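**Q** First, the structure itself, so that you have it in front of you.
The values are calculated or read from the model by the stated rules, or taken from the named source; none is laboratory data. Predicted model, so just to flag it, every value in this text is computed and none were measured. Glycine gets a Cβ as well: all are built from the backbone with ideal geometry, and neighbour counts include every protein chain shown. Protein only, heavy atoms only, side chains kept; ligands, DNA and RNA dropped before computing areas. Shrake-Rupley method; radii C 1.70, N 1.55, O 1.52, S 1.80 Å.
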Amino acid sequence: MVYFVGAGSGAPDLITVRGMRLLQKADVIIYAGSLVNPQLLSYAKEDCRIYNSAKMTLEEVLAVMEEAEGKNLITVRLHTGEPSIYGAVREQMDELDEKGIAYESCPGVSACFGAAASLNLEYTLPEVSQSLIITRMAGRTGVPEKESIESFAAHHASMAIYLSTGMLEELSERLMAGGYEPGTPAALVYKATWQEEQAFVCTVEELAETAKEHGITKTALVLVGDVITHRHYAKSRLYAADFETEFRKSRK
């Protein structure tokens, strides 16, 4: 059996209880060494075989899984954050389907939620934004033209932009071309929830300058939107005294 487990955003205690228990019983762990906090490997049992997928090809990863399955062993494929977001898990699952190897998924805390916790943000403030757009700039992996930064910026929703730290000047230009004002609040969160985390609030036009000032060149998340400064929002109707629910009568 293969388990795809989300390691969480960085801090070793932000893995789910289920994920921790799967690591504890795994016979084989294949972890994304370039991104996963190695402290998570302390949950592994002494005789667990551990592989760093940063040094492996897809074929080599699958070969380890297939060998373990042949010996009736439990394999944990430990991905950074939440595997369903930029986790490259579907291609592995399709290969396992072809080989007749069973698998399950265990969710994790993605970096955008770790970053929100670090800044005490709510992405969905009433009358400011009720949507969170998770996207990225095109790099070695392309982005469909219909999912351009400009098209998403036009919505003025909250945005979490992954894998784009090396292209911040272009990102700022495209965000503004899409409709964000230069002074729109933004944040740059480096290694959210890790011990070395750094978080900086700035504006859309200041993103590249902020990164340069603090020496941030990779492993950072960009957040954009008026929710970052949490101003001019309306209170939730759910807790209003005159709002009646199944559990509470109106008090006005």
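**Q** Of everything in segment 62-111 that's among the polar types (S, T, N, Q) and buried (at least 18 other Cβ atoms within 10 Å of the Cβ), which residue is farthest from Met159 (Cα to Cα)?
**A** Filtering segment 62-111 for residues that are among the polar types (S, T, N, Q) and buried (at least 18 other Cβ atoms within 10 Å of the Cβ), the one farthest from Met159 (Cα to Cα) comes out as Thr75.
**Q** Considering segment 1-30 alone, what residues qualify as being open to solvent by less than 40 Å² (accessible area, probe 1.4 Å) and either free of Cβ contacts under 8 Å to residues at least 40 places away in the same chain or in a helix (DSSP H, G or I) (or both)?
**A** Pro12, Gly19, Leu22, Leu23 - these are the residues of segment 1-30 that are open to solvent by less than 40 Å² (accessible area, probe 1.4 Å) and either free of Cβ contacts under 8 Å to residues at least 40 places away in the same chain or in a helix (DSSP H, G or I) (or both).
**Q** If a residue has to be within 17 Å of Glu181 (Cα to Cα) and assigned to a loop (DSSP other than H, G, I, E, B) to count, how many in segment 197-224 make the cut?
**A** 0
**Q** All but one of (1) out of contact with any Phe, Trp or Tyr (no Cβ under 9 Å at 6 or more places or on another chain); (2) part of a loop (DSSP other than H, G, I, E, B) hold for Ala63; state the number of the condition that does not hold.
**A** (2)
**Q** Now for a separate question. For the structure I just gave you, tell me whether Glu82 is closer than 20 Å to Ala220 by Cβ and in contact (Cβ under 8 Å) with a residue 12 or more places away in the chain.
**A** Answer is yes for this residue.
**Q** Would you mind telling me which numbered condition in (1) small (Gly, Ala, Ser); (2) touching a Phe, Trp or Tyr at 6+ places or on another chain (Cβ under 9 Å); (3) closer than 23 Å to Gln24 by Cα; (4) in contact (Cβ under 8 Å) with a residue 40 or more places away in the chain Ser158 fails?
**A** Answer for Ser158: the failing condition is (3).
**Q** Which condition breaks for Ser151 when tested against (1) more than 18 Å from Arg231 (Cβ to Cβ); (2) open to solvent by less than 30 Å² (accessible area, probe 1.4 Å); (3) part of a helix (DSSP H, G or I)?
**A** It is condition (2) that Ser151 fails.
**Q** Another question about this same structure. Within segment 46-55, identify whether any single residue is modelled with pLDDT of 95 or more, closer than 14 Å to Ile101 by Cβ and in contact with a strand residue (DSSP E or B) (Cβ under 8 Å, 6 or more places away or on another chain), and answer yes or no.
**A** no
**Q** Would you please name the residue that is most open to solvent (accessible area, probe 1.4 Å), looking only at residues in segment 31-60 that are within 19 Å of the chain's Cα centre (by Cα) and among the hydrophobic types (A, V, I, L, M, F, W, C)?
**A** It comes out as Leu35.
**Q** Inspect all residues belonging to segment 176-196 and state whether any of them is open to solvent by 60 Å² or more (accessible area, probe 1.4 Å) and basic (Lys, Arg).
**A** Within segment 176-196 (the criterion being open to solvent by 60 Å² or more (accessible area, probe 1.4 Å) and basic (Lys, Arg)), the answer is no, since none of the residues qualifies.
**Q** When segment 74-124 is examined, which residues are found to be out of contact with any helix residue (DSSP H, G or I) (no Cβ under 8 Å at 6 or more places or on another chain) and part of a helix (DSSP H, G or I)?
**A** Arg90, Met93, Asp94, Asp97, Glu98, Ala111, Cys112, Phe113, Ala115, Ala116, Ala117, Ser118
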